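Remarks on the structure that follows.
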Amino acid sequence: MSPAPPALSLSGISLALGGVPVLRGIDLDVPAGSLVALLGASGAGKTSLLRLVNRLVMPDAGRIRLFGADIAAADPVSVRRGIGHAVQGGGLFPHWTVADNIAAVPWLLGWPKARRMARAAELMAMLDLPERLAQRFPGELSGGQASRVGLARALAAGPRLLLLDEPFGALDPETRSALADRLEALHRAEGLTTLMVTHDVADALLRADLLLVLDGGRIVAAGPPALVAADPHPAARALIDQPLAQARALASLGARPA
Amino acid sequence: MTAALASLPAALAAHLAISAAALALALVVAAPLVLLMPGRPLLRRAVMGLASVVQTVPALALLALFFPLLVLLRTATGLPVPSLGLLPSLLALALYALLPLLRGGAGGLAAIPDGVREAARAIGMTPSQRLFHVELSLAAPVVMGGLRTAAVWTIGAATLATMVGQPSLGDLIFAGLQLQDWRQVLLGCIAAAALALVVDAALGLCEAGIARRRWPPALAGLAMLAALGAGVAGWWWHSRPAAATAPVVIGTKTFSEQYILAELIAADLRAAGQPVEVRSGLGSGIAFQSLAAGGIDIGIDYTGTLWTQALGHRDVVPRGSMLPVLKRELKARYGVIVAARLGFENAYALAMRRADAQKLGVRTISDLAAVAPQLRLATDLEFQSRAEWAALQAAYGLRFAGARAYTPVLMMAALKDGSSDVITAYSSDGALADADVVLLADDRAALPAYDALLLVAPGRDALARRLARYEGRIGAGLMRQANWQADRPDNKRTPAQAAAWLAAEAGSWKADWPCRSTSARPAAGR
């Protein structure tokens, strides 16, 4: 345990939406600089967990601390501007250019235009987005390009915490892997703390510092990938066993005599 | 036509002003409703349902219905709520504009993807930033589409505001229809259409600008709208009354005789330095109610019409005994003052083609009753619901093969082209002199007298005294000739020209009246 406070700390969090419990008794400490992968079936509460952290919804019980400060006491708008949140499906503004989309949070923070545009150009270069796309609209982008713009928008104002909800959801495996590499490199280089919802269990096992498996609104397994891979909880097993079985099958395919 | 052209700027300015005001009111009502609708399906269904029902009511009926509603409101609250002119037009047109605005607004907001809304919150936009920079900008094309539809509908429907006493381009259209001056009708229609197109184009530019977050088209659209607004303001500034005295308002129903007499009196009062406003084309019942309510100061009406319609009498009394009772009851019930009996009558009468009348041997309505079952009747729009029709049927046992209602200007045409065999004619109609028709005698005196009266609004006693000198001045022959000058298909005169001719014929209004021998007796039509 490092002596510094965790980047993110959730204690006793529960949340019900429309009378239906979504999260129950969540306790979680995320050390600064970790890349956390949230795994779980649809409806397990992964997206809700990110929304709670970004104060898009308030918990019915419990406390969330961001770098030691209780977010319930802060102004929600400034909390959100300090966090990079890429929502599910990207949520790019279709009537804003790529550059304006990327520089949205800097614009909200009142950066001068030149600085905003320079930042957008910098991020586009970092994420392999061709410069000529800056004045295009999101409708003209490919899926991979749109995902990169979503990521760039989350990173634009230099947040310390990044919340990514299935950032590579609808991409082909090759693009996804390339983008995940780039994200991981950025995460390490900028010293970010990242919470990422993903369905790519193999990728999560290989990249994440910390895995969280949610099931029915509870954290049923948590820890470094190696530990979670050995966890006996049936929900964790169901998630982990599938890529492991695939890996074994692939390995036996390679061992088969030609 | 030149007179129509001269009155175009005023009508255009008034039309634009009432349309813009109604649209603004509709926007003020629709905007909060649209913003409240998401997540409230019950409210949404109730509001949209109501707006759809309103849309099924014909615009003219909607305008007319506000009149009794506002009268009711005034009686219930005791507040001085005007029931004619601006207020009912504004309310009815705004109500009419609601549906496209609500549809556009609700549709536009509903079409925004959930992910985009979520992202707007997640990156830390304030509620107002989300509303203006995301929701409204994204909804703009659909919202503006609704606004454009609403604007075009409102500008079209505003022509009907004329019927409840609000000046608009309808003044040209309705007067043109009555005078059968088709160029004037066309002028009014084209002006309304052009106005609608210009406003639509301006809003289209705004829409394009908002949707793409680009200033130049939006500014161009706004500049066009501002120019229209400046035009209206400029016109008002230009035509503001020079004198501090409020203008005397003369109201007319929708036929030539009324237009001519209004111009006659207007010229007379203006010559004496009194500013005058002529509000033309009021619905028949609305004209009297407007007078009683003080919305207009001077009106022209007819004894028989007042007897049955305004006072609700069912009996027919002789001319001599009707007038004193009428005067007393109008004063007692409405405060309306009878300033003068003009000297001619505009009576309802039944008319036939001369050839038919001769062939069938019909000279009186009694004769007609025998052959009526083979004949088709055409009346004006109101006659079949008037007490006079009931009286005629009761007195003569009239039964026709069929009865249709026409706008008055087309009745004579219906008789001429054979679509009808018998029509309700007006005894002062100038066309009677030209058409080969006969008026049938009311041999059982079932119809009342229809002496033309100059009426003055309650409390305007000085004005009534001033108009008293018209007593008996305009005979049936003169009126019919003046009407014909305005109605005839060729060499048509404007109501103002016909009025000038009538004034010259009837004598100088300034000097003391010379005792002319023009007939001050009722027309011999019946």
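Quick look at the values:
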item: Breaking point among (1) touching a helix residue (DSSP H, G or I) at 6+ places or on another chain (Cβ under 9 Å); (2) in contact (Cβ under 8 Å) with a residue 24 or more places away in the chain; (3) more than 20 Å from A:Leu183 (Cα to Cα), for A:Ile71; result: (2)
item: Residue match in the range A:179-201 (condition: polar (S, T, N, Q), closer than 23 Å to B:Ala120 by Cα, touching a residue at least 40 places away in the same chain (Cβ under 8 Å) and touching a His at 6+ places or on another chain (Cβ under 6 Å)); result: yes
item: Members of the range A:112-126 found to be under 18 Å from A:Phe93 (Cβ atoms) and either within 20 Å of the chain's Cα centre (by Cα) or outside any helix (DSSP H, G or I) (or both), listed by number; result: A:Leu123, A:Met124
item: B:Ala22 being touching a Phe, Trp or Tyr at 6+ places or on another chain (Cβ under 9 Å), at pLDDT 90 or above and part of a helix (DSSP H, G or I); result: yes
item: Test: A:Ile64 is without any contact (Cβ under 8 Å) to a residue 60 or more places away in the chain and not assigned by TED's automatic domain parsing to the domain that holds A:Ser14; result: no
item: Selection count where residues are touching a helix residue (DSSP H, G or I) at 6+ places or on another chain (Cβ under 7 Å) and over 13 Å from A:Leu8 (Cα atoms), scope the range A:32-54; result: 4
item: Per-region count, the range B:265-291, residues among the aliphatic types (A, V, I, L, M) and closer than 20 Å to B:Ala10 by Cβ; result: 7
item: Among residues of the range B:480-505, those that are of a type in the set (A, V, I, L, M, F, W, C) and under 22 Å from B:Asp451 (Cβ atoms), counted; result: 7
item: All helices (runs of 4 or more DSSP H) inside the range B:382-486 with 1 or more residues being assigned by TED's automatic domain parsing to the domain that holds B:Lys331; result: B:461-467
item: Test: residue in the range B:57-76 that is closer than 21 Å to B:Gly156 by Cβ, more than 11 Å from every other protein chain (Cβ to nearest Cβ) and not in a helix (DSSP H, G or I); result: yes
item: Qualifying position, being over 25 Å from the mean Cα position of the chain (by Cα), of a type in the set (Phe, Trp, Tyr) and either modelled with pLDDT of 90 or more or in a helix (DSSP H, G or I) (or both), among B:Trp501, B:Trp509; result: B:Trp501
item: All strands (runs of 3 or more DSSP E) inside the range A:147-258 with 1 or more residues being hydroxyl-bearing (Ser, Thr, Tyr), in contact with a helix residue (DSSP H, G or I) (Cβ under 6 Å, 6 or more places away or on another chain) and at negative phi; result: A:193-197
item: Elements of type helices (runs of 4 or more DSSP H) contained in the range B:81-177, each with 3 or more residues being within 14 Å of chain A (Cβ to nearest Cβ) and either in contact (Cβ under 8 Å) with a residue 60 or more places away in the chain or in contact with an Asp or Glu (Cβ under 6 Å, 6 or more places away or on another chain) (or both); result: B:137-157
item: Considering residues of the range B:227-280 that are touching a helix residue (DSSP H, G or I) at 6+ places or on another chain (Cβ under 7 Å) and in a loop (DSSP other than H, G, I, E, B) only, the residue farthest from B:Asn346 (Cα to Cα); result: B:Thr254
item: Failed criterion for B:Ala339 (all others in (1) surrounded by fewer than 20 Cβ atoms within 10 Å (Cβ to Cβ); (2) in contact with a helix residue (DSSP H, G or I) (Cβ under 9 Å, 6 or more places away or on another chain) hold); result: (1)
item: Residues located in the range A:147-203, provided they are of a type in the set (Val, Ile, Thr) and within 12 Å of the chain's Cα centre (by Cα); result: A:Thr193, A:Thr194, A:Val197, A:Thr198
item: Output for the range B:178-187, where each listed residue is over 12 Å from the mean Cα position of the chain (by Cα), crowded, with 21+ Cβ neighbours inside 10 Å and part of a helix (DSSP H, G or I); result: B:Leu179, B:Gln184, B:Leu187
item: Residues located in the range A:100-120, provided they are basic (Lys, Arg) and either surrounded by fewer than 21 Cβ atoms within 10 Å (Cβ to Cβ) or within 14 Å of another protein chain (Cβ to nearest Cβ) (or both); result: A:Lys113, A:Arg115, A:Arg116
item: Filtered residues of the range A:52-99 (kept if facing chain B (nearest Cβ under 8 Å), buried (at least 22 other Cβ atoms within 10 Å of the Cβ) and assigned to a helix (DSSP H, G or I)); result: A:Arg80
item: Any hit, the range B:182-194, residues being more than 19 Å from B:Leu8 (Cα to Cα) and free of Cβ contacts under 8 Å to residues at least 60 places away in the same chain; result: no
item: Residue tally, condition of a type in the set (Gly, Ala, Ser) and within 14 Å of chain B (Cβ to nearest Cβ), over the range A:121-142; result: 1
item: Breaking point among (1) modelled with pLDDT under 85; (2) more than 30 Å from B:Gln485 (Cα to Cα); (3) surrounded by 15 or more Cβ atoms within 10 Å (Cβ to Cβ), for B:Trp215; result: (3)
item: Test: residue in the range B:176-192 that is polar (S, T, N, Q) and under 30 Å from A:Phe137 (Cβ atoms); result: no
item: Residue that is over 20 Å from B:Ala120 (Cα atoms), in the same structural domain as A:Ala44 (by TED's automatic domain parsing) and among the hydrophobic types (A, V, I, L, M, F, W, C), where the choices are A:Leu127, A:Leu171, A:Leu133; result: A:Leu171
item: Residue match in the range B:375-390 (condition: in contact with an Asp or Glu (Cβ under 7 Å, 6 or more places away or on another chain), surrounded by 15 or more Cβ atoms within 10 Å (Cβ to Cβ) and in contact (Cβ under 8 Å) with a residue 24 or more places away in the chain); result: yes
item: Residues satisfying the stated conditions in the range B:322-372, i.e. charged (D, E, K, R) and within 30 Å of B:Thr75 (Cβ to Cβ); result: B:Lys327, B:Arg328, B:Glu329, B:Lys331, B:Arg333
item: Count - residues of the range B:366-400 that are among the small types (Gly, Ala, Ser) and within 32 Å of the chain's Cα centre (by Cα); result: 5
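The values are calculated or read from the model by the stated rules, or taken from the named source; none is laboratory data. Note that the coordinates shown come from a computational prediction; the quantities given were computed from them, not determined experimentally. All Cβ positions, even for glycine, are placed from backbone atoms using ideal geometry, and neighbour counts span all protein chains on display.
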